[in-house]
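Chemist: So that we are looking at the same thing, I have put the structure below in structure tokens.
The values are calculated or read from the model by the stated rules, or taken from the named source; none is laboratory data. What you see is a predicted model; the values in this text were computed from it and never measured. Here Cβ is always computed from backbone atoms with ideal geometry, including for glycine, and neighbour counts include all displayed protein chains. Note: accessible area is taken over every heavy atom of the protein model, side chains too, but ligands, DNA and RNA are not part of it. Shrake-Rupley method; radii C 1.70, N 1.55, O 1.52, S 1.80 Å.
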Amino acid sequence: MRAYWYDNKEGDQRLPHDSGKDVDASELEKLGVLYFKFGELEGVDALASQRGYKNRDEITVSPEKMGDVYEDKVKSFFHEHLHEDEEIRYIRDGQGYFDVRSRDDAWVRIALQKDDLIILPAGIYHRFTTDEKNYIQAMRLFKEEPKWTPLNRSNDLDANDYRKAYVSEFLQ
Ligand code: KMT
Ligand code: NI
């Protein structure tokens, strides 16, 4: 894992967009973003039972796996959105970027690779993309039934209860 400020330059979302300025894990934690590294599945199982993640599945995002819809999928993952539940991803292979909004509404890019596990809190604005290698395999963990509806950012969403709870816990 390496987190850094996104450079906001034009160009493919899959490029590193690396400003060269790092963001450390404690700053991520202030945004409610938690990071772990697990070389063995036992660690993930322990975390899952501690935090009540009862369900899991695996996803592979690649042109080989997704075929013609790959490019559209990658674009859709990159629309800024939130969820009304935590987003938990354990990277099994390949790599990708999760971008999260900072307190000042700037993008922090979090580069993840094999064995990295990230937890994004409910209500945080974020987006995802593969990198130039176009390949990631990840385990998705869920508390209950997946509530995976991405709610795209809009002014109306400021009134969403999960967004309000996030703002009051982490941004005020
Ligand atoms: C998401 O929520 O954007 C995804 O699940 C993308 C693939 S998981 C690395
Ligand atoms: Ni999401």
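Chemist: Quick one: how many residues across region 9-24 are of a type in the set (Gly, Ala, Ser) and either closer than 17 Å to Glu87 by Cβ or loosely packed, with under 14 Cβ neighbours inside 10 Å (or both)?
Modeler: Qualifying residue count, region 9-24: 2.
Chemist: Let me spell it out: the conditions are (1) more than 16 Å from ligand 1 (Cβ to nearest atom); (2) part of a strand (DSSP E or B); (3) not hydrophobic (A, V, I, L, M, F, W, C), and Asp158 meets all of them except one. Which number is the exception?
Modeler: (2)
Chemist: Taking the stated definitions as given, is Arg140 within 12 Å of ligand 2 (Cβ to nearest atom), more than 15 Å from Pro16 (Cβ to Cβ) and part of a strand (DSSP E or B)?
Modeler: Taking the combined requirement at face value, the residue satisfies it.
For every residue, the table says whether it meets (1) open to solvent by 30 Å² or more (accessible area, probe 1.4 Å); (2) under 17 Å from the mean Cα position of the chain (by Cα); (3) of a type in the set (S, T, N, Q).
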position	(1), (2), (3)
Met1	yes, yes, no
Tyr4	no, yes, no
Asp7	yes, no, no
Tyr35	yes, yes, no
Glu42	yes, no, no
Gln50	yes, no, yes
Tyr70	no, no, no
Glu84	yes, yes, no
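Chemist: Right, another one. What number of residues within region 52-68 satisfy the criterion of being surrounded by 10 or more Cβ atoms within 10 Å (Cβ to Cβ), farther than 19 Å from Phe98 by Cβ and charged (D, E, K, R)?
Modeler: 2
Chemist: Same structure, new question: From (1) within 16 Å of ligand 2 (Cβ to nearest atom); (2) aromatic (Phe, Trp, Tyr); (3) touching a Leu at 6+ places or on another chain (Cβ under 7 Å), pick out the condition that doesn't hold for Tyr97.
Modeler: Every condition holds for Tyr97 apart from (3).
Chemist: Next question. Which residues, taken from region 71-86, are more than 15 Å from Pro121 (Cα to Cα) and not β-branched (Val, Ile, Thr)?
Modeler: Glu71, Asp72, Lys73, Lys75, Ser76, Phe77, Phe78, His79
Chemist: Now a separate question. Quick one: in region 129-166, which of the residues that are among the basic types (Lys, Arg) and open to solvent by 30 Å² or more (accessible area, probe 1.4 Å) is farthest from Glu58 (Cα to Cα)?
Modeler: In this case the residue turns out to be Lys164.
Chemist: Any residue in region 47-60 that is within 18 Å of Phe36 (Cβ to Cβ) sitting within a Cβ distance under 9 Å of a residue that is exposed (fewer than 10 other Cβ atoms within 10 Å of the Cβ)? List the pairs, counting only those 6 or more apart or interchain.
Modeler: none
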